[in-house]
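The values are calculated or read from the model by the stated rules, or taken from the named source; none is laboratory data. Given the structure is predicted, the values throughout are model-derived calculations rather than measurements. Cβ placement follows ideal geometry from the backbone for every residue including glycine, while neighbour counts extend to all protein chains displayed.
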Amino acid sequence: MKILITGGAGFIGSNFVRFVLSRYPGYEVVNLDSLTYAGNLENLRDLEENDRHTFVKGDICDMTLLESLRFDSIIHFAAESHVDRSILDSSPFLRTNIGGTKNLLDLAKTRGLRMLHVSTDEVYGSISEGLFTEASPLSPNSPYAASKASSDLFVRAYHETYGVDAVITRCSNNYGPFQFPEKLIPLMIINALASKPLPVYGDGRNVRDWIHVLDHCRAVDMVFHKGRAGEVYNIGGRNEQQNIDIVSRILSSVSDVTGSDIAGLNGLITYVKDRPGHDRRYAIDPSKIESELGWRPTVGFENGIAETVRWYVGNRDWWGRITSGQYMKYYDVQYGRRLS
């Protein structure tokens, strides 16, 4: 099988590309990424000599490019995904998350392909108690979440109207290696290592369900191969944590790994004005994927956070080139070769 994986130079996408090539020796991957700020070819350095991996620099909004590519199925990670950026300017989110998804659906319809659309639990909005199920109404509270909810509805409509073999996954918050430094967990790790302030929104009591990126990859793989067309599958870690507790756990791990004084690290916590429309709590019920497909998370949160901290401590060059902006120049993106 030759799979088109969109957004395969990003955090989750690059981990999934590596997962697929490792698990399925007969599979080939066409990895399409436009290399915006969050796409980083250094995430794929270990695949440079892998002849089953073809990287294409391109935009999912470019239908001419999409039609020129040959593949048997689609797994769609590509998205503008940062809430704060969507609050500042929602235009790129409409263009990519809705328009780009529509292009891929048109290809899937025309060619009769299976397509898995990777979405987010943020489409459900906030919930004070209980859990969101796949049948819960969509109630997005940020422009980012609204764009993802819109793309989900296009996927549903293409299945219902045209019979497209499409399936949706909605995952809770991911963490792990190669996550872009603007996200909560890597930002806290990197700032702690640099003794910089650790910005925490509001009172820090916002709750998220967290899952290790490799558990997410396993779930997407299962849904792609075994999920029922037209269905939605929630992917959750059953691991609700308050943001401030996440920060405290990270600082404890940083102290263990580096020998830094924990009191000094805790003193870096800085409460800042809450973001507009900040959802208080996300919590999703993964019972459907557990019962239908037999998926369960395998990475415990305490060990996962400790491993993630060790990864960032051991890969300062990787995130250092991102924070300095040098990563954008590290590869000749036209040919996929390192610049001399």
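Here are the numbers for the structure shown:
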quantity	calculated
Top-ranked residue of region 18-37 - restricted to ones that are in contact (Cβ under 8 Å) with a residue 60 or more places away in the chain and part of a helix (DSSP H, G or I), ranked as nearest to residue 65 (Cα to Cα)	20
Given (1) within 18 Å of residue 150 (Cα to Cα); (2) charged (D, E, K, R); (3) without any contact (Cβ under 8 Å) to a residue 40 or more places away in the chain, index of the condition residue 80 fails	(3)
Single condition residue 128 does not satisfy, out of (1) modelled with pLDDT under 95; (2) touching a Phe, Trp or Tyr at 6+ places or on another chain (Cβ under 9 Å)	(2)
Residue satisfying condition, being within 25 Å of residue 110 (Cβ to Cβ) and without any contact (Cβ under 8 Å) to a residue 24 or more places away in the chain, within set 153, 187	153
Selection status of residue 15, assigned to a helix (DSSP H, G or I), in contact (Cβ under 8 Å) with a residue 24 or more places away in the chain and in contact with a helix residue (DSSP H, G or I) (Cβ under 6 Å, 6 or more places away or on another chain)	yes
Looking only at region 26-43, and only at residues there that are surrounded by 23 or more Cβ atoms within 10 Å (Cβ to Cβ) and farther than 22 Å from residue 103 by Cα, the one that is farthest from the chain's Cα centre (by Cα)	41
Residue within region 287-305 that is modelled with pLDDT of 95 or more, touching a strand residue (DSSP E or B) at 6+ places or on another chain (Cβ under 6 Å) and of a type in the set (S, T, N, Q) present	no
Among residues of region 134-167, those that are assigned to a helix (DSSP H, G or I) and touching a helix residue (DSSP H, G or I) at 6+ places or on another chain (Cβ under 7 Å), counted	13
